[in-house]
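Asker: Dropping a structure here in structure tokens format, bear with me for questions.
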Amino acid sequence: MKDPLLLFWTALIFGSLAWYFLLLFYVGVRGGKEIRRLTRRLGERPPLGGPGAGTSARGEGEARTPGLG
Amino acid sequence: MSLHGLDWAIVGVYLVGCMAAGLAMRRFVRGVEDFAVAARQMDLNLGIASLAATELGLVTIMYTAQLGFEKGFAGAVVGLIMALAMYLVGASGFVIGPLRRAGVMTIPELFERRFGVSVRWLAGWFVVLGGVLNMGIFLRLGGEFLVHATGLPPGWLEWVMTFLLGLVLIYTVLGGMLSVLVTDYLQFIVLGLGIVVTSVLVVGSLGWTNLVQGLREAWGATAAGTAGPGLAMADHPFNPVHTRWGYVLWQIVFQIAVVTTWQTQVARVLAARDETTARRVYRRTAFYFVGRFGLPGLWGAAALVYFSQRGGLPAGVDSLTAMPAYLATLLPVGVIGLVVAGMLAAEMSTDSGYLLTWATVIYNDLISPCVKRPLSPRARLLITRLLVLAIGVFLLVYGLWYKIPGNAWDYLAVTGNIYLASVFTLLVAGLYWPRANATGAYAALVLGAIGPLTFLVVNARVEPAQQIAPEVAGASSFALAFLGMVLGSWLTRRPTRVAVPSDSA
């Protein structure tokens, strides 16, 4: 294992494996919480046609950034 | 080897869970913005899961394993370049920052504000044709993995993949990006588990020292001309620039274009809550892309060593199917169920993300600019849903039941290149070069297409030894597109509208 290229690939492959393992738990836990927050936010939106539920002229609601075109 | 009861149970639980989660999100869909960009409510970790799961499909695993089989660990250099490109783009906000601030749903929508509606429409065609034709190979390659890894009868391939696409279509048509995000999250976990477990088993069974020594011997046999049929390596297993510096340099340009321009990746940028979240998603996901190439590449390299040490490839197995054939000899009962569920997750997350993305572009950039009177939100949503369904049916016919002729693979690669070269040029010039105008945009689109098509025709007519290398064809298409933009813009009038994205937005 004195070949620097081989050492490089060994570190990269085992590093990737460790990263995948870590992300499984990290993203698994935090992503689950974000899904709960996402569904809560979506559920709390006013009904379509109700107060504050107006849409823009283009119909879907997001204000466009001034200065573009 | 075949699936046992426990394996089927694991696969069944995964499929039912995925469908339930996907269908549960349909009640939140009220309009096209909910459907296409999840109401722009995506947070960091959900973004990481979705981006990683979408861009790591079964087709990716098959191709990257083939790279590992043919080029050893050095085949993963593409993943390393992609990871660096993604991190740098996330850190600098290059292209993705102004894109997110613009509040658009698709890339061509930005072009309308900068170059006019006709450029948006034409670019939309490039995006859709490149994307949908590129996706045409996904189902068949995914099916090849399942047939070889599980021992399913080959005649089942079309029916299994049709069933799988049917499930994906149900939750994608009903829940759009909201369903895709939640199912991507589940698929990220199942897929990640499958990849980690498989990689540990591969290293454990073959032994790291034996694997490295086996690759050295395979390269030695290739150099000496004594490698068995189908077992010759295409390049040095550890040195990615052993013979092809040009290929590596070309990949640097290509991967920067991919991470800033490929609509399925950009869709996660546009669905993020804000620009900061989008950039963090890119930075945090970057290293995942090393494993995207490195870990399936490890399986492919292990397959080469395994079959080399056992007298050669089995009948009917080649560099593409060697990896699943090897895994079939390795994975025990229970684990094969987990791995198959993981691979189904890879296939489904990619299919759903891609179906949704291309349908959104068709609605947003091809149909919407042609409609005189604004449609109701309900009509817009219905059209987008029908488009997802239509692309799914097209893929079934074109990519699965219709046998693509041999040279179609070249055609697909070239089509993807046309999209990336021309759209990347328009994006960079539109965002960062005030002198760029609509004439330059048309010239970039046309020249970006003419170059690769010329190479396609030339390569079809000359002997393989005289064919133009992919890096030459690819680099030329970018050079031509940039040349078209520069000359077209310089030789005509200054633009009347110049995009200056607001940093405060």
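The values are calculated or read from the model by the stated rules, or taken from the named source; none is laboratory data. Remember, predicted model here, so these are calculated numbers, not experimental data. Positions of Cβ are generated from backbone atoms using ideal geometry, with glycine treated the same way; all protein chains shown enter the neighbour counts. Heavy atoms of the whole protein, side chains included, go into the accessibility calculation; ligands, DNA and RNA do not. Shrake-Rupley method; radii C 1.70, N 1.55, O 1.52, S 1.80 Å.
Asker: Quick check on B:I362: is it open to solvent by 10 Å² or more (accessible area, probe 1.4 Å), assigned to a helix (DSSP H, G or I) and without any contact (Cβ under 8 Å) to a residue 40 or more places away in the chain?
Answerer: In short, no.
Asker: Still on this structure: Could you list, in sequence order, all residues of the stretch B:58-74 that are aliphatic (A, V, I, L, M) and within 14 Å of another protein chain (Cβ to nearest Cβ)?
Answerer: Passing the criteria: B:I61, B:A65, B:L67, B:A74.
Each row is one residue, and each column tells you yes or no for (1) on the phi > 0 side of the Ramachandran plot; (2) surrounded by fewer than 24 Cβ atoms within 10 Å (Cβ to Cβ); (3) touching a helix residue (DSSP H, G or I) at 6+ places or on another chain (Cβ under 6 Å).
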| site | (1), (2), (3) |
| --- | --- |
| B:M343 | no, no, yes |
| B:S349 | no, no, yes |
| B:C370 | no, yes, no |
| B:R380 | no, yes, yes |
| B:I383 | no, yes, yes |
| B:L389 | no, yes, yes |
| B:F394 | no, yes, no |
| B:Y398 | no, yes, no |
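Asker: Further question on the same structure: Filter the stretch A:29-48 for residues that are facing another protein chain (nearest Cβ under 7 Å), modelled with pLDDT under 90 and open to solvent by 100 Å² or more (accessible area, probe 1.4 Å) and give the result.
Answerer: A:L48
Asker: Output yes when any residue across the stretch B:197-208 is more than 8 Å from chain A (Cβ to nearest Cβ) and among the hydroxyl-bearing types (S, T, Y), and no when none is.
Answerer: Kept after step one, since they are more than 8 Å from chain A (Cβ to nearest Cβ), are these residues of the stretch B:197-208: B:197-198, B:201-207.
Remaining after also requiring among the hydroxyl-bearing types (S, T, Y): B:198, B:205.
Scanning the stretch B:197-208 turns up at least one residue that is more than 8 Å from chain A (Cβ to nearest Cβ) and among the hydroxyl-bearing types (S, T, Y).
Asker: Taking B:T162 and the conditions (1) farther than 22 Å from B:L338 by Cα; (2) touching a residue at least 24 places away in the same chain (Cβ under 8 Å), which numbered condition does it fall short on, given that it satisfies the others?
Answerer: (1)
Asker: Sort out which residues of the stretch B:240-257 are buried (at least 19 other Cβ atoms within 10 Å of the Cβ) and either closer than 15 Å to B:G93 by Cα or among the polar types (S, T, N, Q) (or both), and write them in order of number.
Answerer: The answer is B:Q251, B:Q255, B:I256, B:A257.
Asker: Could you say which residue among B:G192, B:G166, B:G214 is more than 12 Å from chain A (Cβ to nearest Cβ), in a helix (DSSP H, G or I) and open to solvent by less than 10 Å² (accessible area, probe 1.4 Å)?
Answerer: B:G214
Asker: Here's a follow-up. Tell me which residues, restricted to the stretch B:280-319, are open to solvent by 10 Å² or more (accessible area, probe 1.4 Å), part of a helix (DSSP H, G or I) and within 20 Å of A:W19 (Cβ to Cβ).
Answerer: Passing the criteria: B:R280, B:R283, B:R284, B:R292, B:F293.
Asker: Being touching a Leu at 6+ places or on another chain (Cβ under 9 Å), at the interface with chain B (Cβ under 7 Å from one of its Cβ atoms) and not hydroxyl-bearing (S, T, Y) is the filter here, so list the residues in the stretch A:1-28 that pass it. Reasoning before the result, please.
Answerer: Taking the stretch A:1-28 and keeping what is touching a Leu at 6+ places or on another chain (Cβ under 9 Å), we get A:1, A:12-13, A:16-17, A:20, A:24, A:27.
Applying the additional criterion that residues be at the interface with chain B (Cβ under 7 Å from one of its Cβ atoms) yields A:12-13, A:16-17, A:20, A:24, A:27.
Listed by number, the residues that qualify are A:L12, A:I13, A:L17, A:L24, A:V27.
Asker: Among the helices (runs of 4 or more DSSP H) contained in the stretch B:3-57, which hold 2 or more residues that are more than 10 Å from chain A (Cβ to nearest Cβ)?
Answerer: Fully inside the stretch B:3-57 and qualifying: B:5-24, B:44-55.
Asker: Among the residues that make up the stretch B:312-321, is at least one of them under 30 Å from B:V128 (Cβ atoms) and not polar (S, T, N, Q)?
Answerer: We begin by selecting, within the stretch B:312-321, every residue under 30 Å from B:V128 (Cβ atoms); these are B:320.
The next check asks that each one be not polar (S, T, N, Q); those that pass are B:320.
Yes - at least one qualifying residue is present in the stretch B:312-321.
Asker: Which residues, taken from the stretch B:159-218, are more than 21 Å from the chain's Cα centre (by Cα) and either closer than 30 Å to B:R30 by Cα or at pLDDT below 90 (or both)?
Answerer: Within the stretch B:159-218, B:W159, B:V160, B:F163, B:I170, B:L174, B:G175 qualify.
Asker: For B:I450, indicate whether it is farther than 21 Å from B:T260 by Cα, open to solvent by 40 Å² or more (accessible area, probe 1.4 Å) and not in a helix (DSSP H, G or I).
Answerer: In short, no.
Asker: Would it be correct to say that B:V132 is within 12 Å of chain A (Cβ to nearest Cβ) and surrounded by fewer than 24 Cβ atoms within 10 Å (Cβ to Cβ)?
Answerer: It is false that B:V132 is within 12 Å of chain A (Cβ to nearest Cβ) and surrounded by fewer than 24 Cβ atoms within 10 Å (Cβ to Cβ).
Asker: Still on this structure, please answer the following. Within the stretch B:89-120, take every residue that is among the small types (G, A, S) and open to solvent by less than 10 Å² (accessible area, probe 1.4 Å) and give me the one that is modelled with the lowest pLDDT.
Answerer: B:G103
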